[in-house]
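Undergrad: Handing you a structure now.
The values are calculated or read from the model by the stated rules, or taken from the named source; none is laboratory data. Bear in mind that the values here come from a model prediction, so they are computed numbers and not experimental data. Here the Cβ is made from the backbone with ideal geometry for all residues, glycine too, and neighbour counts use every protein chain on show.
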Amino acid sequence: MENKEVLLEVKDLQITFKNGRREFVAVDDVNFEIYRGETFSLVGESGSGKTTIGRAIIRINPTTKGEIIFNGKKINGKIDKKLDREVIQKIQMIFQDPMASLNERAKIDYIISEGLYNFHLYKDEEDRKNKVEDALKEVGLLPEFASRFPHEFSGGQRQRIGIARALIMDPEFVIADEPISALDVSIRAQVLNLLNKLKKEKNLTYLFIAHDLSVVRFISDRIAVIHKGRIVELADSEELFLHPLHPYTKSLLSAVPIPDPQIEKQKKLLVYDPSMHDYSVNKPSWVEILPGHFVYGNEEEIAGYRKEIND
Amino acid sequence: MEENKKLTDQELFSFVEFDHDQAERTGYSEYSYWRSVLRTFSKNKFAMALVIIMLCLIVFAFFANSTARFPIDEIHRTDKLLSPDATYWFGTDTLGRDMWARSWYGTTISLKVAGVVTFVCVIVGVIVGCIWGYVRATDRFFTELYNIVANIPETIYLILLTYIMEKGFWTIVLAMCLTGWLAMARNVRNLVFMIRDREYNLASRCLGTPLPRMISKNLIPYLVSVVILRMALMIPNVISQEVTLSYLGLGLPATTPSLGKLLSEGRTKFQDFPYLLVFPSLIVSIITVSFYLAGNAFSDASDPKNHV
Amino acid sequence: MERQPILSAKDIEITFSMRGKYLKPIRKCSLDLYEGETLAIVGESGSGKSVFTKSFIGMLDNNGSITGGSIMFEGVDIAKYTKESDWLKIRGKKIAMVFQDPMTSLNPLKIIGEQIREVIELHQGIKGEESKQMAIEMLEKVGITDAANRYNQYPHQFSGGMRQRVVIAIAAACFPKILICDEPTTALDVTIQAQILDLIRNLQKEMGMTVIYITHDLGVVANVADRVAVMYAGEIVEVGNAEEIFYDARHPYTWALLSSLPQLGVKGEPLSTIEGTPPNLYQEIKGDAFAPRNTHALRIDFIENPPYFEVTPTHKAKTWLLDPRAPKYEAPHAIQKLRDKMKK
């Protein structure tokens with residue numbers, strides 16, 4: 001990796017939700033770095049905490065312990081107004097459900113320029129209109145769409161409007177929270193291409209949250225696999241697919257449907273059983289087995305993984 | 001199929017240049033929410049009839065009030081307790097006053113009270129309700145306030161307030177405003193609770209949208225149909241409260257004939273002179289029932305699932 | 001294949017009246033279903049695949065109706081049914097449906113055991129303890145451990161995947177001939193999805209059912225299907241064996257579907273995509289509905305809707321490209337790769 005500047009760093013993050021007296025630890029002991037210019041994917045099932053992490057970075061969810069450091073500054077917890085404003089402009093989010101993430105009662109024109117209005121990032125009305133038009137064209141939509149309402153558009157188009165809304169702010173870091181899960185399979189390619197194109201053009205960094213490993217292979221540079229609030233494996237995407245080590249990663253990979261009847265029909269499904277780990281005596285830790293390839297496990301398991309790699 | 005004959009097979013089966021814009025143009029569905037609401041509502045013939053009756057009644061009330069032949073407090077000593085006839089269309093009361101003029105005057109008073117109270121309660125209730133529901137920090141305060149205040153029936157407050165204050169039009173309006181906004185605020189707060197964490201609101205938060213615009217652009221448009229329904233139900237409610245208060249001799253001064261006053265006056269002589277009660281009650285009933293039914297029909301019409 | 005189909009839909013047309021206008025979500029669809037097979041219907045949202053199958057069990061919304069064609073099932077044209085009582089003889093009993101969202105398919109206020117038992121009681125007339133036993137057996141069959149106790153639990157006490165198993169149990173409780181699964185795994189995680197697909201496959205073998213899968217995920221199709229029908233804008237544009245569709249697709253829409261899969265993507269190069277958006281049903285469609293988005297469109301595609309052309313006795317596609325008068329064309333790169341695979 002040429003440009004190894006760390007844009008976002010997450011250290012010992014813990015997020016706990018309180019429901020009356022009951023506490024629920026959604027995310028625990030999470031550590032990772034995201035380098036400028038890369039696409040970093042966070043993959044896990046629903047309830048694994050991946051969305052919670054994304055929302056904590058953009059400050060929708062509060063954090064309980066740990067730090068989130070962006071461009072060298074801590075951005076979780078209480079921060080001053082200036083930093084808050086900086087975070088809003090530089091970190092943006094693309095949401096999962098295109099049907100729910102747009103304000104049904106507002107015109108596309110308003111939806112896209114909402115961020116501009118908030119910080120008065122335009123010179124005059126004409127400048128603003130031009131910005132909206134450019135944003136629409138960038139995502140492959142027609143400028144005439146600005147005067148219409150969201151319900152007139154399909155899922156894929158709505159998602160692109162959501163992308164335009166985020167990118168008109170000219171951010172550095174974009175969190176894409178399952179941006180294609182709710183779309184038809186045939187539309188997914190459109191949106192993925194668009195995300196890649198925009199990344200190159202605007203020099204963006206992505207945190208891509210997904211539950212489908214097949215998608216992330218194509219788009220990401222590095223992948224972290226998360227299970228029940230804890231990251232269990234992290235590696236370059238090719239490395240992860242060729243040499244998965246943690247049993248959960250292996251089961252995720254085996255479950256991914258492959259569009260090839262001959263392969264699919266002969267596939268064997270691996271099931272992950274969390275109780276296979278015995279952490280009562282030997283405590284697990286986060287170990288770098290190969291350069292850039294991290295796994296979570298205790299000494300015994302790590303030894304086993306090393307053996308696997310050497311074979 | 002003349003077109004086909006003109007083109008040769010060769011031309012028909014030649015490849016066409018791909019047009020990106022054409023692929024994108026879906027031809028929108030031309031669905032306007034409010035137009036659909038109006039159309040669904042107007043399909044309900046019964047509700048439309050009620051709305052028309054109601055509007056006619058309201059307009060007529062004001063018209064009749066200003067064109068009444070006799071002033072409301074003019075006493076005709078020789079024409080006491082007359083049944084409806086050619087001169088006195090609704091008859092006269094115990095003091096010989098024209099019931100027609102009194103009834104319509106009373107109607108306009110009741111409508112004015114209802115109008116002002118509803119308007120104020122809606123404005124205050126919606127704004128407070130939005131803040132209550134959206135800003136988590138205020139929830140505790142308002143909920144405690146609500147719990148304390150709401151446990152005692154509104155009527156008691158109204159009786160207390162109108163008893164303390166001087167009698168007058170603005171007294172009764174003020175009293176009802178003070179007690180009425182809370183219920184609306186609570187209702188709005190519950191609705192806001194349901195929508196505050198939807199993704200489009202999260203998106204607005206991520207973009208740094210300030211509270212006033214969150215309320216006006218993100219929350220209120222979704223509340224409008226419910227608020228209108230509550231307004232429609234509030235009007236007959238206010239009228240009935242006014243009737244109650246006037247019945248008890250509170251609120252409006254003794255000289256002002258409101259519908260409630262007329263009902264209370266007519267009650268005693270009902271057996272022998274039914275017309276004293278019949279006309280005011282008929283007016284109250286029509287207004288109440290129409291607002292109530294039309295309000296419900298509007299609520300049904302504003303549910304997008306019924307827009308077929 | 002000289003077998004007789006157990007369900008045969010011919011030239012089905014379905015019309016909806018919506019906000020004063022008429023829509024045709026299904027424009028002349030024909031489909032044959034053979035006993036014991038698994039048929040997958042693939043299409044985007046709005047292609048009409050759900051509406052089409054809902055017409056088999058009379059579950060169209062109130063504003064929709066079958067305005068043309070016939071559905072022959074057990075010697076009767078069920079498209080002509082208008083009374084609920086007729087449909088009740090088929091729905092749940094002979095043809096059952098599993099929907100996408102298990103949370104809304106189950107009654108949150110009833111224990112799940114009851115929800116299975118009442119289906120058995122309704123269709124098979126068995127009451128009391130015997131039907132309860134059958135329900136418990138059904139729960140075990142779908143892989144719910146400790147079935148006797150879990151019989152008394154409510155839907156919210158189950159996870160998403162478990163709930164879907166319960167829904168499948170309800171659908172299969174009466175040993176229907178045909179099971180229609182409308183995107184049964186779209187709302188589930190990948191690992192759970194694989195388990196549910198396995199479950200349905202096992203049940204099918206055990207109970208001798210014929211299964212129709214509705215999905216937009218070609219990975220799922222590859223896993224389960226014997227035959228595949230591809231739907232676009234209310235028509236079936238291509239139908240054939242799974243192998244024929246995957247390795248020898250002929251319709252440009254199928255090409256586009258296959259080549260836009262992220263799994264086939266090469267890093268650093270853009271994925272091939274289908275441009276644009278499916279047609280809005282409010283519009284009048286002239287010619288081939290896929291023409292505006294078709295990179296291999298012919299002039300005649302915009303004028304006249306193509307008929308079916310046969311590729312093999314089991315494989316046909318509705319595209320002018322198969323007409324003998326059509327010029328030679330190159331299938332997209334990704335499709336060539338798949339074809340090469342087939343040859344090996």
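Undergrad: Give A:E114, A:E104 a once-over and let me know the one that is surrounded by fewer than 18 Cβ atoms within 10 Å (Cβ to Cβ) and not polar (S, T, N, Q). Give the steps one after another, and end with the answer.
TA: Values: A:E114 fails: surrounded by fewer than 18 Cβ atoms within 10 Å (Cβ to Cβ).
Testing whether each residue is surrounded by fewer than 18 Cβ atoms within 10 Å (Cβ to Cβ) and not polar (S, T, N, Q) leaves just A:E104.
Undergrad: Can I ask one more? Kindly indicate which of A:L242, A:L192 is more than 29 Å from A:K65 (Cα to Cα), within 13 Å of chain C (Cβ to nearest Cβ) and not basic (K, R).
TA: A:L192
Undergrad: OK, next. Take A:K202 and tell me if it is within 8 Å of another protein chain (Cβ to nearest Cβ), within 24 Å of A:G156 (Cα to Cα), modelled with pLDDT of 90 or more and more than 15 Å from the chain's Cα centre (by Cα).
TA: no
Rundown of residues vs (1) at pLDDT 90 or above; (2) loosely packed, with under 14 Cβ neighbours inside 10 Å, yes/no style:
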{"residue": "A:N3", "(1), (2)": "no, yes"}
{"residue": "A:T16", "(1), (2)": "yes, no"}
{"residue": "A:F32", "(1), (2)": "yes, no"}
{"residue": "A:G47", "(1), (2)": "no, no"}
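Undergrad: Considering every residue within segment A:228-235, establish whether at least one is in a helix (DSSP H, G or I) and surrounded by fewer than 23 Cβ atoms within 10 Å (Cβ to Cβ).
TA: no
Undergrad: Do you know which residues across segment C:254-272 are in a helix (DSSP H, G or I), under 21 Å from A:L194 (Cβ atoms) and of a type in the set (S, T, Y)?
TA: Matches in segment C:254-272: C:S259 only.
Condition check ((1) without any contact (Cβ under 8 Å) to a residue 24 or more places away in the chain; (2) closer than 18 Å to C:R227 by Cα; (3) over 15 Å from the mean Cα position of the chain (by Cα)) across all residues:
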| site | (1), (2), (3) |
| --- | --- |
| C:I12 | no, no, yes |
| C:T15 | no, no, yes |
| C:Y22 | yes, no, yes |
| C:D32 | no, yes, no |
| C:V42 | no, yes, no |
| C:G58 | no, no, yes |
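Undergrad: So for segment C:209-218 (the condition being away from chain A (no Cβ under 12 Å), modelled with pLDDT of 90 or more and in a helix (DSSP H, G or I)), does at least one residue qualify?
TA: no
Undergrad: I'm trying to understand the selection: among the residues of segment A:1-47, which are under 16 Å from the mean Cα position of the chain (by Cα), in a strand (DSSP E or B) and not aliphatic (A, V, I, L, M)?
TA: Residues satisfying the conditions are A:E9, A:N31, A:F32, A:E33, A:Y35, A:T39, A:F40, A:S41.
Undergrad: Follow-up question, since we're still on this one. What residue, of C:I57, C:I71, is among the β-branched types (V, I, T) and assigned to a strand (DSSP E or B)?
TA: Values: C:I57 fails: assigned to a strand (DSSP E or B).
C:I71 is the lone residue from the list that is among the β-branched types (V, I, T) and assigned to a strand (DSSP E or B).
Undergrad: Select from segment C:280-294 the residues that are facing chain B (nearest Cβ under 7 Å) and crowded, with 16+ Cβ neighbours inside 10 Å and write down the one among them that is modelled with the lowest pLDDT. Before the answer, list the steps.
TA: Pass one, segment C:280-294, residues facing chain B (nearest Cβ under 7 Å): C:280, C:282-283, C:292-293.
Remaining after also requiring crowded, with 16+ Cβ neighbours inside 10 Å: C:280, C:282, C:292-293.
Numbers: C:N280: 73, C:Y282: 67, C:P292: 82, C:R293: 82.
Here the residue is C:Y282.
Undergrad: Could you please give the count of residues in segment C:60-78 that are over 23 Å from C:V228 (Cα atoms) and of a type in the set (G, A, S)?
TA: Residues flagged as over 23 Å from C:V228 (Cα atoms) and of a type in the set (G, A, S) within segment C:60-78 amount to 4.
Yes or no, residue by residue, for (1) in contact with a strand residue (DSSP E or B) (Cβ under 8 Å, 6 or more places away or on another chain); (2) among the hydrophobic types (A, V, I, L, M, F, W, C); (3) buried (at least 23 other Cβ atoms within 10 Å of the Cβ); (4) more than 14 Å from every other protein chain (Cβ to nearest Cβ):
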| position | (1), (2), (3), (4) |
| --- | --- |
| B:M176 | no, yes, yes, yes |
| B:V188 | no, yes, yes, yes |
| B:F193 | no, yes, no, yes |
| B:A203 | yes, yes, yes, no |
| B:C206 | yes, yes, yes, no |
| B:T209 | no, no, no, no |
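Undergrad: Across segment A:250-264, what is the number of residues that are of a type outside the set (G, A, S), without any contact (Cβ under 8 Å) to a residue 40 or more places away in the chain and at the interface with chain C (Cβ under 7 Å from one of its Cβ atoms)? Let's see the steps before the verdict.
TA: In the first step, residues of segment A:250-264 are kept if they are of a type outside the set (G, A, S); the result is A:250, A:252-253, A:256-264.
So of that shortlist, the ones also without any contact (Cβ under 8 Å) to a residue 40 or more places away in the chain come out as A:250, A:259-264.
Next cut, at the interface with chain C (Cβ under 7 Å from one of its Cβ atoms) only: A:259-261, A:264.
Residues flagged as of a type outside the set (G, A, S), without any contact (Cβ under 8 Å) to a residue 40 or more places away in the chain and at the interface with chain C (Cβ under 7 Å from one of its Cβ atoms) within segment A:250-264 amount to 4.
Undergrad: If a residue counts only when it is out of contact with any Ser or Thr (no Cβ under 8 Å at 6 or more places or on another chain) and either farther than 30 Å from B:D98 by Cα or touching a residue at least 60 places away in the same chain (Cβ under 8 Å) (or both), which helices (runs of 4 or more DSSP H) contained entirely in segment B:191-273 have at least 3 such residues? Write out each step before concluding.
TA: Values: elements: B:199-206, B:220-247, B:259-268.
Counting at least 3 such residues, we get B:199-206, B:220-247.
Undergrad: Which condition does A:K74 not pass, out of (1) surrounded by fewer than 18 Cβ atoms within 10 Å (Cβ to Cβ); (2) touching a residue at least 60 places away in the same chain (Cβ under 8 Å); (3) touching a strand residue (DSSP E or B) at 6+ places or on another chain (Cβ under 7 Å), if it passes all the others?
TA: Here A:K74 clears every test but (2).
Undergrad: I would also like to ask the following. Restricting to segment B:233-277, name every residue that is surrounded by 21 or more Cβ atoms within 10 Å (Cβ to Cβ) and among the small types (G, A, S).
TA: Matches in segment B:233-277: B:S246, B:G251, B:S258, B:G260, B:G266.
Undergrad: I would also like to ask the following. Somewhere in segment A:175-185, is a residue without any contact (Cβ under 8 Å) to a residue 40 or more places away in the chain, within 13 Å of chain C (Cβ to nearest Cβ) and under 22 Å from B:C206 (Cβ atoms)?
TA: Among the residues of segment A:175-185, at least one is without any contact (Cβ under 8 Å) to a residue 40 or more places away in the chain, within 13 Å of chain C (Cβ to nearest Cβ) and under 22 Å from B:C206 (Cβ atoms), which makes the answer yes.
Undergrad: State all residues of segment C:233-265 that are at pLDDT 90 or above, in contact with a helix residue (DSSP H, G or I) (Cβ under 6 Å, 6 or more places away or on another chain) and more than 9 Å from every other protein chain (Cβ to nearest Cβ); if no residue qualifies, say none.
TA: Scanning segment C:233-265 gives C:V237, C:E238.
Undergrad: Return only the number of the condition from (1) crowded, with 16+ Cβ neighbours inside 10 Å; (2) closer than 30 Å to C:A222 by Cβ that C:R3 does not satisfy.
TA: Result: C:R3 fails condition (1) only.
Undergrad: Please tell me if C:G46 is in contact with a Cys (Cβ under 9 Å, 6 or more places away or on another chain) and either in contact (Cβ under 8 Å) with a residue 12 or more places away in the chain or outside any strand (DSSP E or B) (or both). Quick ask: steps written out before the conclusion?
TA: Values: in contact with a Cys (Cβ under 9 Å, 6 or more places away or on another chain): no; either in contact (Cβ under 8 Å) with a residue 12 or more places away in the chain or outside any strand (DSSP E or B) (or both): yes.
No, not satisfied.
Undergrad: Hey, could you check segment A:138-167 for residues that are of a type in the set (A, V, I, L, M, F, W, C) and more than 19 Å from the chain's Cα centre (by Cα) and say which is farthest from the other protein chains (Cβ to nearest Cβ)?
TA: Of everything passing the filter in segment A:138-167, A:A146 is farthest from the other protein chains (Cβ to nearest Cβ).
Undergrad: Here's a follow-up. Restricting to segment B:287-308, name every residue that is of a type in the set (V, I, T) and either more than 30 Å from B:R39 (Cβ to Cβ) or surrounded by fewer than 16 Cβ atoms within 10 Å (Cβ to Cβ) (or both).
TA: B:V289, B:V308
Undergrad: Where residues in segment A:8-57 are free of Cβ contacts under 8 Å to residues at least 40 places away in the same chain and among the hydrophobic types (A, V, I, L, M, F, W, C), which of them is farthest from the other protein chains (Cβ to nearest Cβ)?
TA: Here the answer is A:F24.
Undergrad: Given the criterion in contact (Cβ under 8 Å) with a residue 24 or more places away in the chain and buried (at least 20 other Cβ atoms within 10 Å of the Cβ), identify the matching residue among A:A224, A:A189.
TA: A:A224
Undergrad: Restricting attention to segment A:102-129, report how many residues are within 8 Å of chain B (Cβ to nearest Cβ) and assigned to a helix (DSSP H, G or I).
TA: 6
Undergrad: Then there is this: Can you name every residue in segment C:307-328 that is over 23 Å from the mean Cα position of the chain (by Cα), more than 8 Å from chain B (Cβ to nearest Cβ) and in a loop (DSSP other than H, G, I, E, B)?
TA: C:P324, C:K328
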